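Since the structure comes first, as structure tokens, the remarks are kept for the end.
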């Protein structure tokens, strides 16, 4: 077997596949260890948005002896089709599948009989090497950790977990150029100490860590290469407080221009860590925090251990630092959390963590999905769950949420994503939330989603400029003329804080004074501030107020332009 092809189908071009590159690096390492090669391994990365025929051509034209796919929710359909056509074009080609979509069985309609030859279940680095050593020599190569073959010779699973320090670093000076303009993923631990019923991490018990000395060495490589963004894939980065403190300290002291993204449990942050985070340069760190729900009954039924009050309290502390980007998650469809209960969750999180000065930068409203291998599979009948049989296996209904209520929340999420999570409307949204026009933040976004639906705008691509016009038209029925004038001024401020264009949307022209007609005033203002009239310091006139924006670069935390002090 001379030509082995590792294929990844990412959801977007900006993403990269840690899995296939890690398996290639480990394969080469183990080949050197035993002093023998069992074929040349190369990597091909595509996206699910690529032309299917083009992807098939690139794979089959290489005449591989084996093609190996990393299978996930977002690419399972694409890969299933490829398997069928690769077998038709190259009947002697060995097809190997790995990844979470097949690690817990391939008993689904996406992989018909005989369209694949082997599945590597679970951890793949050593099992991949052992499989191909076995295929080439018809015997398992003697290594400290063996692999076993299950399911009539189709499924390979390692019997013991590999030491993370044994695995080679994925990135080096030769391959780092492949990741230009793409997100780089990095793993410093495997496993999760929690057992959330909806999460695949609960299928693996215990947590294994890469040694700190190795982590420091790897991170320094990213820093020296001036990588813009590195995302840790650790399921709960700060489950070991002392270790996470030391890594954050290293990044804060040495990080330079690289931003590091972590998934964390906010209730595990202690005062020492919060004090350390105060010293982080702006934009050096991003945190993704799973709130999921504030409903204790829903959390308990989901086997999620969390101190919700401390989570919200620490999120508020983190965003008040103004140097760390915060992304938080909610999940629609948890047990016992019906429409009204989710409304309470949303309003509590939104109101507690959002005001004129500080706010969660991204608040994702996600929908429960039935992941293969997750404990939720055993709870379906208990809570009346019905999930789509098509990826991503999203909830369709349960005993507490009807299909109509889920549809309303899907529409709600579309509008919320456009306005709140775009980051373009913060000042105006805070004013609306604080007014009495709507009974709650949830009521506002629900009413706006109904307006979008009635005007056939839901799930359609419309420009950001159009979004300002639509919002003004919608709000006209809820506010008097003076209040609409105030909202227009806030929207115009939001526009100039998010867009350096000289011409705002048409609906805001009534509160805008063109800088071209106020050149003398603008010059006087800039002179008083000791600044020049250029793109780095531009005066904007909003109603009877002027603002001076620094358009040289966006704030890395808020993704908005800063006001000149």
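Listed values, structure above:
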item	result
Rounded if a/c under 1.5, otherwise prolate or oblate - the range 475-520, Cα gyration tensor axes	prolate
Part-to-part distance (alpha-carbon centres) for the range 344-368 and the range 166-193, which is given in Å	32 Å
Hydrodynamic radius by Kirkwood, which averages 1/r over all alpha carbon pairs of the chain, in angstrom	26.3 Å
Using distinct alpha-carbon pairs, which all enter the 1/r mean, Kirkwood radius of the range 183-399 in Å	18.3 Å
DSSP bridge pairs, the chain: antiparallel proportion in percent, nearest 5	30 percent
Tail weight of P(r) past 26 Å, computed on alpha-carbon pairs of the range 313-423, percent	28 percent
Per-residue [θ]222 nm for the chain (sum of -39500 (n - 2.57) over DSSP H runs n ≥ 4, rounded to 500)	-11500 deg cm²/dmol
Overall Cα dimensions of the range 311-368 - principal axes, largest extent first, Å	35, 17, 17
Taking 380, 560 and counting other C-beta atoms within 10 Å, the order from fewest to most	380, 560
Crossing angle, helix 441-454 versus the chain [Cα axis fit, 0-90 degrees, rounded to tens]	80 degrees
Kirkwood Rh in Å, taken over all unlike Cα pairs in the range 424-565	16.3 Å
The range 3-164: C-alpha pair distances exceeding 21 Å, %	42 percent
For the range 183-399: relative contact order, % (alpha-carbon pairs under 8 angstrom, 6 or more apart)	19 percent
Neighbour-count order for 336, 116, fewest beta carbons within 10 angstrom listed first	336, 116
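FYI, it's all coordinate maths here, none of it is from the lab. Please read these numbers as outputs of a predicted model, since none were measured by experiment. Cβ sites come from the backbone with ideal geometry, for glycine too, and all protein chains shown count toward neighbours.
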